[in-house]
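Step one of this worksheet: look at the structure below.
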Amino acid sequence: MMEMKTYQADVVIIGSGLAALYAAYKLAPHRKVIMLTKEAWTSSNSYLAQGGIAATFAETDDWQSHLEDAITAGRFHNNQETTAYLVKHSKRTIKDLIEAGVQFDRNKQGDISLAREGGHSASRILHAGGDATGRRIVETLKARVTDTITIHEHTLAMNLIVQDQRCLGCFALNKENEPVIYTAAHTILATGGVGHVYEPSSNDEAVTGDGLSMAYRAGAELADMEFIQFHPTLLVKDGKAYGLVSEAVRGEGAKLVNQDGERLLEGVHPLEDLAPRDIVARTLYQAKQKGLADTVYLDISMLKDFEKHFPTITSICEKAGVDISKGRIPVAPGHHFSMGGIVTDKNGQSSLSGLWACGEVACTGVHGANRIASHSLLEAVTFADRISHEIIESTLKIPDHIEKNIPEKSSLQLPSRKDIEKRMMSNVGIIRDEQALLDMKNWCEEWIDFTRVPRLLYIEKDEMIRFNMLLTAWLITTSALERTESRGGHFRSDYPNEDPAWQSKQIVRENRQLEHY
């Protein structure tokens with residue numbers, strides 16, 4: 001056992017995306033905050049987010065129809081209470097962001113512009129900087145917190161410190177690869193979802209399921225891990241994914257076609273190209289499998305001023321060598337978002353005292369089995385706000401004594417990142433079946449004895465990341481095996497229909513236990 005350098009704060013935030021930054025922004029005037037992030041602070045999915053943020057903003061819109069859209073997209077698996085809270089407070093959330101300095105796009109009359117995206121029955125999507133919404137919001141918030149909190153970049157959180165069923169901070173490796181300890185009365189996990197456990201993925205390279213793995217090893221409850229959203233339109237050329245082509249492009253009228261210009265979504269769903277993501281992704285995947293499309297394209301020939309409205313996508317096209325003047329962008333489905341995660345209540349509290357979770361790492365229940373477009377940024381801000389209120393009101397203090405020792409450094413034999421990514425996409429991807437899931441489960445278990453998953457690990461950074469990826473992959477796979485139906489982002493060809501008996505059941509994971517609620 002060894003002693004190491006210790007940092008103490010009132011609140012430790014792990015992550016640097018929108019959820020992390022908004023929590024820091026709200027907490028900084030009241031509490032000492034340390035934020036640690038695995039890479040540079042810009043390495044988050046929020047920074048890459050092209051889509052907007054949904055809100056019941058127009059006078060002609062109402063929260064009830066917004067709620068109905070979200071629950072329909074979520075295939076009726078949503079938590080009704082948290083989803084209603086999310087949409088009811090969406091206008092207030094936008095006003096809070098405007099007060100923080102975020103400048104949303106406006107029309108010629110000076111009113112906030114509202115667009116429509118997949119699954120929504122009304123125009124309720126706000127953007128900032130066209131397709132650079134996430135970046136604009138996080139840069140605004142980062143500027144607000146730079147002088148009021150401490151940020152430790154290139155610091156990988158490895159284990160949560162748990163004492164008497166209470167989280168008291170974390171053990172990490174800093175940028176010098178030295179072990180350090182962060183102690184706090186409150187720890188907020190805002191590390192993103194499963195990310196590059198899959199390939200291709202729209203996510204930042206830094207997102208590899210670290211927070212999910214840490215929370216599971218610490219004894220926190222996880223749920224809905226089987227529900228993975230595959231975005232229909234990643235820009236893929238010659239087998240390489242270059243980035244996301246936002247739903248907003250289809251919202252403006254672009255159509256999905258095959259190499260002969262034949263439309264692929266016509267007649268598949270009433271909303272056609274703006275159908276929920278799981279339906280569009282599965283349709284495109286099956287079109288290729290059945291030989292209906294050698295290559296899928298997004299036909300943008302009808303869109304005027306594409307470069308002006310979509311500067312980020314234009315830049316991605318240039319990087320990929322795609323000439324947008326020809327009016328077609330090659331696309332393919334890829335991993336995008338995790339609906340499941342660390343189980344929290346309506347205030348963002350996990351099953352462990354002192355441990356909070358917000359953003360994609362959390363399972364608040366607002367997305368159900370399939371997230372509706374532009375609800376990820378909304379969820380991040382809404383529940384980061386709830387958490388900050390709870391922490392400011394909390395009287396929890398750091399105990400006088402915290403066990404700060406960690407095991408001696410060890411090493412694990414683990415598969416490569418590429419091997420994990422490719423196997424997950426092949427076996428636990430858009431369309432699943434029992435044999436493929438069993439193959440993946442057995443492969444994971446060849447590498448790790450999951451009956452004795454260590455709560456504390458001290459290994460090299462790269463090993464830690466691959467361990468987190470493998471554990472996260474196993475959690476997704478075994479949850480997908482357990483759910484013998486298809487719903488939202490979880491589609492099984494051997495159980496192709498929704499089963500009403502499964503609608504309100506969650507598969508909850510804690511210390512290798514599977515339970516149905």
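The residue that is farthest from residue 210 (Cα to Cα), counting only those in the range 460-481 that are hydrophobic (A, V, I, L, M, F, W, C) and without any contact (Cβ under 8 Å) to a residue 60 or more places away in the chain, is 481. Pairing residues of the range 16-27 that are in a helix (DSSP H, G or I) with residues that are modelled with pLDDT under 95, at Cβ distances under 6 Å and at least 6 apart in sequence or on separate chains, gives 18/46. Here the condition is being exposed (fewer than 15 other Cβ atoms within 10 Å of the Cβ) and not basic (Lys, Arg); of 493, 479, it holds for 493 alone. Here 131, 164 are screened, and the one residue that is surrounded by fewer than 23 Cβ atoms within 10 Å (Cβ to Cβ) and of a type in the set (Asp, Glu) is 164. Kindly indicate the residue of the range 379-413 that is in a loop (DSSP other than H, G, I, E, B) and of a type in the set (Ser, Thr, Tyr) and also nearest to residue 90 (Cα to Cα) among those meeting that condition. So, considering only residues that are in a loop (DSSP other than H, G, I, E, B) and of a type in the set (Ser, Thr, Tyr), the one nearest to residue 90 (Cα to Cα) is 394. Could you go through the range 367-375 and let me know if any residue there is surrounded by fewer than 24 Cβ atoms within 10 Å (Cβ to Cβ) and on the phi > 0 side of the Ramachandran plot. No, the range 367-375 contains no residue that is surrounded by fewer than 24 Cβ atoms within 10 Å (Cβ to Cβ) and on the phi > 0 side of the Ramachandran plot. Scoring residue 135 on the criteria (1) within 30 Å of residue 317 (Cα to Cα); (2) assigned to a loop (DSSP other than H, G, I, E, B) leaves a single failure, condition (2). The residue of the range 178-214 that is nearest to the chain's Cα centre (by Cα), among those that are surrounded by fewer than 24 Cβ atoms within 10 Å (Cβ to Cβ) and acidic (Asp, Glu), is 204.
Scanning the range 496-510 for residues that are surrounded by fewer than 19 Cβ atoms within 10 Å (Cβ to Cβ), in contact with a Phe, Trp or Tyr (Cβ under 7 Å, 6 or more places away or on another chain) and touching a residue at least 40 places away in the same chain (Cβ under 8 Å) yields a count of 1.
Taking first residues from the range 58-70 that are at negative phi and partners that are loosely packed, with under 14 Cβ neighbours inside 10 Å and in a loop (DSSP other than H, G, I, E, B), the Cβ contacts under 6 Å between residues at least 6 apart in sequence or on separate chains come to 65/121; 69/121. Screening residue 17 against (1) farther than 28 Å from residue 402 by Cα; (2) touching a helix residue (DSSP H, G or I) at 6+ places or on another chain (Cβ under 7 Å); (3) of a type outside the set (A, V, I, L, M); (4) surrounded by fewer than 24 Cβ atoms within 10 Å (Cβ to Cβ) leaves a single unmet condition, (4).
Residues in the range 217-229: is at least one surrounded by 20 or more Cβ atoms within 10 Å (Cβ to Cβ) and in a helix (DSSP H, G or I)? Checking the range 217-229: at least one residue is surrounded by 20 or more Cβ atoms within 10 Å (Cβ to Cβ) and in a helix (DSSP H, G or I).
When the range 313-329 is filtered for residues that are among the aliphatic types (A, V, I, L, M) and part of a helix (DSSP H, G or I), the ones remaining, listed by number, are 313, 316, 320, 324.
A Cβ distance below 6 Å, combined with a sequence gap of six or more or placement on separate chains, defines the contacts here; from the range 230-252, residues that are touching a residue at least 60 places away in the same chain (Cβ under 8 Å) and on the phi > 0 side of the Ramachandran plot reach residues that are surrounded by 19 or more Cβ atoms within 10 Å (Cβ to Cβ) and of a type in the set (A, V, I, L, M) in the pairs 243/235; 243/316.
Residue 501 meets all of the listed conditions (1) of a type in the set (A, V, I, L, M, F, W, C); (2) within 25 Å of the chain's Cα centre (by Cα); (3) not in a loop (DSSP other than H, G, I, E, B) but one, namely (2).
The set of residues in the range 330-370 being outside any strand (DSSP E or B), hydrophobic (A, V, I, L, M, F, W, C) and within 19 Å of residue 75 (Cβ to Cβ) consists of 339, 366, 369.
The values are calculated or read from the model by the stated rules, or taken from the named source; none is laboratory data. Computed from a prediction, not measured in an experiment: that's the story for all the values here. Glycine also receives a Cβ, built like all others from the backbone with ideal geometry; neighbour counts cover every protein chain displayed.
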